[in-house]
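Only the coordinates and a few stated rules stand behind these numbers; no lab work does. Note that the structure is a prediction, hence the values are computed from the model and not measured. For neighbour counting, all protein chains shown are included, and Cβ atoms are generated from backbone atoms with ideal geometry for every residue, glycine included.
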Amino acid sequence: MPIVVVAALVVVLVAVGCFIFLPKNTAVQPDELAKTYFSLVEEGRYDELYPLLSKESQVRITQDDFVSRYENIYSGIEAENIEVTIGEVSDSKGSATSGSGSAKQADKLVEYSIGMDTVAGPVLFGGKAKYVVDADDEYRLEWSPDMLIPGLTWSSKVRVNTVEATRGSILDRNGQMLAGLGTAATVGFVPGAMQKNEGTDASSDSAAVYNEADIARAAELLGMTPEDIHDKLNASYVRDDSFVLLKVLSEEEAALADELLAIPGIQMGETSVRSYPLAEKASHLIGYVQNISAEELENLRDQGYNENSVIGKTGLEKTYESDLKETDGCEILILDQDGNTLSTVAKIDKADGKDITLTIDANIQSQLYDLFIEDKSCSVAMNPKTGEVLALVSTPTYDANDFITGISTQKWDALNEDANQPLYNRFQATLCPGSTMKPLTAAIALDTGAVSASDDLGKSGLSWQKDESWGDYYVTTTMEYSGAANIENALKFSDNIFFAKAALAMGADAFAAELEGAGFDETIPFEYGLYSSSISDTGSFDSEIQLADSGYGQGQILINPVHLAAVYASFVNDGSILEPYLLKRDDAAPTMWKEGAFTAETAQTIRGDLIQVIESGSATEAQVPGRTLGGKTGTAEIKQTVDDVTGTELGWFACFTADENDPEQLLVVSMVEDVKNRNGSHYVSAKVRELFL
């Protein structure tokens, strides 16, 4: 009965022209739907996006493909910090209304913009998302690929390209490359050309089926293990025609090319590498680069480094890392089905590293290395008028190129276990100077007034002690000479006793203070890190004997070879100690480290005396006809105790152009270990002479 009444009522209302509307549609509106959609994008919850798509969109792309496309593309471009802004909502022009209810809803357009950081820099794009009403009266997103990244279509794809930059080169003063771009041989297997084990399926791409004898032979020649090679052959990218790189070869390994190519499936090629043309001759100076470590990357990621970066590990490669470092470029491209570029989404230009030009002369560097290749030695060559360092050599050494191609465990162990310490950088160290200290002691004695140039401190034979308080300790010297025991003769004939007396005459405090004024116990101002010269373990002279011994370069006194060269240069620069430098300048005018360390008169006196050392003193073997040279030999005793007679000796020779009008200004300081029974320091002076011919 109630049903009939209602029906009758409806008929009556219609008859009188009245209408009753159904409740208003409560579907979620497009702007709210857009906020939800892009919020999920921001959070990376891609699997929750698909149900928000229209039926037509879902027909065009499956849920798995949709989710993987978001994940793969955003992962590939390293999308981060995604931010979306929702704008105005408007009717879609020409859109048809739809829906099963009596209230019809129009398709809507929702403005949006997306910003994100990517591997190729920031990306900002936007558009209008179209929301259509499905058959269930709900708005759904009519999705298109360009909502994921600008320019993407249903058939196109995204590629991220790395645009490789080049690390800066290191050049010598004449433009000769000391470190830069070179090539190295590569070797690898092509799986389709490899022999298979008997009875295996020829179509199988598993590394387990390859001939084990061939793999073992390749591993033996390359210093690898068969397991290493199997791992490479089993990589996911490997196909039948792939070139599976096994190793970048050192020169030594490249010489095995014929044996390698005899293995079925082996192929050789070339690749670009960091190259050190002088090899062993400059490795301690130039250093080498290697892949960045995890610890380094953690500290340097915000400076443009990534997991694939190389970084200077030693030498000038490390010192000038910030200048030499390159920054690869990157671009995000939209490609068509054939791989053609349709558009560039974002791009960071590459930045090549800066080339640096050194004061080093590759010819002098090579010559010094060749002269001392058989020795444990170090050498410094400098222009004494400018402070330009022309060579820095330490022997024995290693080949920096080995670290680029991948040094083998055997070779690394051999370097570390070698008693001659090829990894030890001797020109960076501090060493007992022996008699090369005497010109410095003489200059300080003159400047302090403790001894004058004409003072005769008296002959004392071949051994001397101040008094009985020294017990059984005596200062000894090796040569007696005629004439006064003055500074000139003491330098000419390397009189230890004279310089012991001179040090005592100055006193411990004055001598120490003057040495500090000459750069001892102070950081040496030089681009390549050097150990500081030192007066003693305590920084002072703790006894008269130690003071006396220090006067002729024994005791505990230690000096860096570059520092010693700078001190000797003061004798041709009116007493000012030069600041040595390695980076070539447009103007080679000198910079002084210790202005007026000695008086000009003192410098002139010492220069004249050092000329006599070569002209008629203890280093006549270093004479070069037609040239005026000054120099000083030195032999430093290295022994465990005062009474030790089994200790070794360091041989030194410092030699310089003493004529300011000579067009070839050169100063060389060389030290050789273990010269005992090898003619001592004269072994060194005879070799250094070759540089001045």
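Given the chain, report the % of alpha carbon pairs whose separation exceeds 32 Å.
Working: 159397 of 239778 pairs.
That fraction is 66 percent.
Kirkwood hydrodynamic radius, region 205-252, all distinct C-alpha pairs: what's the number in Å? So the Kirkwood estimate lands at 11.4 Å.
Rounded to the nearest 0.05, what FRET efficiency do Asp241 and Lys584 give with R0 = 51 Å and r taken as the Cβ-Cβ distance? Could you check? Let's see the in-between values first.
Details: r = 49 Å, r/R0 = 0.97.
Using R0 = 51 Å, I get an efficiency of 0.55.
For Ile373 and Ala262, compute 0.36 nm times the residue count separating them, minus their Cα-Cα distance, and round to one decimal in nm.
Values: separation 111, 0.36 × 111 = 39.96 nm, distance 3.67 nm.
So the chain would gain 36.3 nm between Ile373 and Ala262.
Using the Cβ-Cβ distance between Ala513 and Ile638 with R0 = 22 Å, the FRET efficiency computed as 1/(1 + (r/R0)^6) comes to roughly 0.20. Residue ranges 230-240, 256-266, 271-281 sort as 271-281, 256-266, 230-240 when ordered by packing (mean number of other C-beta atoms within 10 Å per residue, highest first).
Computed from the C-beta positions of Asn340 and Glu296, the FRET efficiency with R₀ = 30 Å rounds to 0.15.
The shape of region 339-490 can be summarised by an equivalent ellipsoid whose semi-axes, obtained from the alpha carbon gyration tensor, come to 53, 23, 14 Å from longest to shortest. Pairs of Cα atoms nearer than 8 Å and 6+ residues apart set the relative contact order; for region 400-528 it is 21 percent.
Relative contact order for the chain: 10 percent, from Cα pairs under 8 Å spaced at least 6 residues apart, divided by residue count. Separation of region 399-416 and region 315-336, taken as the distance between their Cα centroids, equals 25 angstrom. Legend: helices of the chain (whole DSSP H runs) are marked when their alpha-carbon atoms reach 18 angstrom or more along the helix axis and their mean Kyte-Doolittle hydropathy is at least 1.0; marked are 2-15. Farthest toward the positive end of the dipole of the chain, out of Leu33, Thr448, Ser681, is the Cα of Leu33, where the dipole comes from beta carbon charges about the Cα centre.
Each peptide among 67-80, 547-560 gets the average number of other Cβ atoms lying within 10 Å of its residues, and from highest to lowest they stand as 547-560, 67-80.
Assigning unit charges at the beta carbon (Lys, Arg +1; Asp, Glu -1) and nothing else, what dipole magnitude in debye, to the nearest 20, does region 298-426 show about its Cα centre?
Values: 11 positive and 24 negative charges, 95 e Å.
Dipole magnitude for region 298-426 comes out near 460 debye.
Residues within the reach of a label modelled at Asp64 (point 7 angstrom out along Cα to beta-carbon, backbone nitrogen below 18 Å), restricted to region 32-56, are 46-51. Spin-label pair Glu621-Leu124: with each label point 7 Å from Cα along the Cα-Cβ axis, the two points sit 7.6 nm from one another. For the residue pairs Lys376/Lys632; Lys438/Lys459; Lys108/Lys347; Lys55/Lys157, the C-alpha atoms sit more than 26 angstrom apart in Lys108/Lys347. For Ser92, the residues 5 or more places off, or on other chains, whose built amide H falls under 5 Å of its own are Asp107, Lys108, Leu109. Scoring 466-477, 660-671 by mean Cβ neighbours within 10 Å over their residues and listing the highest first yields 660-671, 466-477.
Our note on the geometry: Cα centres of region 468-482 and region 544-585, 25 Å apart. Dipole magnitude for the chain: about 1320 debye, using +1 per Lys or Arg Cβ and -1 per Asp or Glu Cβ, origin at the Cα centre.
Rg/Rh for region 374-430 stands at 1.09; both radii use Cα atoms, and Rh follows the Kirkwood definition.
Distance between the C-alpha centres of region 143-170 and region 229-261: 30 Å, rounded to the whole angstrom. Spin-label model, Ser463/Ser144: points 7 Å from Cα along the beta carbon direction are separated by 10.3 nm.
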